[in-house]
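Below: one structure, written as structure tokens.
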Amino acid sequence: MRPARALIDLQALRHNYRLARELAGAKALAVVKADAYGHGAVRCALALEADADGFAVACIEEALELRAAGIKAPVLLLEGFFEASELSLIAEHDLWCVVHSLWQLEAIEQHPVHKPLNIWLKLDSGMHRVGLHPKDYHEAYQRLLASGKVARIVLMSHFSRADELDAATTEQQVAAFEAARQGLTAECSLRNSPGVLAWPNTPSDWVRPGIMLYGASPFEVEQAQAARLQPVMTLQSRIISVRELPVGEPVGYGARFTSTRPTRVGVVAMGYADGYPRHAPSGTPVVVAGKRTQLIGRVSMDMLCVDLTEVPEATVGSPVELWGKQVLASDVAQQAGTIPYQIFCNLRRVPLEYEGQ
């Protein structure tokens, strides 16, 4: 059986959730959209349910998967609904729903619902992706109350640059939010993962930890609270071939690496079809048999090569960590010119195995 696998540490996941709630001093929705960022939404939600104040997903399909698995905690639809017909399912399955556009507000007013809805009313405070314009925010709030179809409203917005520790944008967005919600009596939610870790004075009755749950920092620089996170996923495989090359020999497609010394090359059962980033360059860190070494040559669909020159004990069958507790996913992502969010979400074909139930 092919040795590639992703080991998911559920104890680390619980640690990171508890850290988010501790830092925030608030209720926390665990964000498990996109199959829990590639970690397996159902298993992660089941592992967190005893602790979690609720969960957040992108869409109703993801929410219904959690309900089918027996998750009874609140589940928020971060993108709300895409068609008015979804409102019946939202009410039936007791889902919480973001409203970010006037057409969604109008749909709620016009659509019969048999049960009052829990609505998170989203303001565009400066990201300019989705969210109500500040001039429409008060009126939308009042219309939702007047509809008679809403049990409660949480006021929310989303930060665009909270991962940039020296950017003034976050404080500007907070100010825009505070101005827009003046006079409205409701709980609020502003802080995502970087907000939880680095913006402690931001008002939030609810926080929405995402990437931090999975043990990866949202920042490109070191940050004290992010250093307390525990990696949840360890992407593993094994050496399947070893060869000795003299000076001047190329390795892999395109001869992107040529040996400058006698080089011992190991081939690993892992490639871009598994989700390992194709653009990771030579020099990207890898751990083989417990020792740190590096990727050499271009990543192939099913295989990649590593330098074993300084790891003489490594041989066929030796364990390889592509990212995890010894090689941070953020380091691999940075080398490949991407972010840990993407490399987690791109994981496929690799079986997930869980520990720490």
Radius of gyration and maximum dimension Dmax of the range 233-355, Cα, Å:
13.5, 44
For K135, give me every one of the aspartates and glutamates with a C-alpha distance below 15 angstrom, ignoring sequence neighbours fewer than eight places off in its own chain.
D124, E178
Please check: in the Gaussian network model of the chain (C-alpha springs, under 10 Å), which one of Q110, Q223, Q334 has the largest mean-square fluctuation.
Q110
Based only on Cα atoms, what mean projected area does the convex hull of the range 14-113 have, in nm²?
6.6
When we measure straight from the Cα of K149, which lysines land under 20 angstrom away, once same-chain ones fewer than 8 places off are left out?
K115, K122
Where a Cα-Cα gap under 14 Å defines reach, which aspartates and glutamates qualify for K33, not counting those fewer than 8 residues away within the same chain?
E61, E62, E65, E79
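Using a ≥ b ≥ c from the Cα gyration tensor of the range 314-357 (square roots of the eigenvalues), is it rounded, prolate or oblate, where a/c under 1.5 gives rounded and otherwise the larger of a/b and b/c decides, a/b for prolate? Don't skip to the answer; put the middle values down first.
Values: a/c = 1.78, a/b = 1.23, b/c = 1.44.
Since a/c reaches 1.5 but b/c is at least a/b, the shape of the range 314-357 is classed as oblate.
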So what's the back-of-envelope 222 nm ellipticity for the chain, counting only DSSP H runs of four-plus at -39500 (n - 2.57) apiece and dividing by all residues, rounded to 500?
-8000 deg cm²/dmol
Part-to-part distance (alpha-carbon centres) for the range 72-98 and the range 261-302, which is given in Å:
43
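Given axes a ≥ b ≥ c from the Cα gyration tensor, I'd like to know whether the range 10-216 is rounded (a/c under 1.5), prolate (a/b larger than b/c) or oblate.
oblate
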Roughly how far apart, in whole Å, are the Cα centres of the range 325-347 and the range 175-191?
34
Name the residue, out of P116, P246, P203, whose mean-square fluctuation peaks in a Gaussian network model built on the chain with Cα pairs under 10 Å.
P246
Per the charge dipole of the chain (beta-carbon charges, Lys/Arg positive, Asp/Glu negative, Cα centre), the residue among V247, L77, A52 reaching farthest to the positive end is V247
List the relative contact order of the range 233-355 as a percent without decimals, with contacts defined as Cα pairs under 8 Å and 6+ residues apart.
29
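Please tell me the relative contact order of the range 104-248 in percent, rounded to the nearest whole number, where contacts are Cα pairs under 8 Å and at least six residues apart.
Numbers: 196 pairs, mean separation 25.3, N = 145.
Relative contact order here is 17 percent.
One-quarter of the Cα convex hull surface for the chain, in nm²? Don't skip to the end; give the middle numbers.
Details: hull surface 76.7 nm².
That works out to 19.2 nm², a quarter of the Cα hull's surface.
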The range 102-201 - convex hull of the alpha-carbon atoms, volume per residue in Å³
100
What's the local net charge at R298, with K and R +1, D and E -1, over the other residues with C-beta under 12 Å away?
+2
Coordinate range along principal axes, alpha carbons of the range 185-233, Å, largest first
39, 20, 15
Which whole-angstrom value gives the distance between the alpha carbon centres of the range 24-42 and the range 107-139?
22
I need to check one value: relative contact order of the chain, counting alpha carbon pairs closer than 8 Å and at least 6 residues apart, in percent.
18
Cα gyration tensor of the range 161-264 diagonalised, 5x eigenvalues square-rooted, in angstrom largest first, produces semi-axes 48, 16, 11
Which of V207, V288, V113 moves most in a GNM of the chain, Cα contacts under 10 Å?
V113
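Any read-out appearing in this document is the output of simple, stated calculations on the displayed coordinates, not a laboratory observation. Note that the structure is a prediction, hence the values are computed from the model and not measured. Note: ideal-geometry Cβ built from the backbone for every residue, glycine included; neighbour counts use all protein chains shown.
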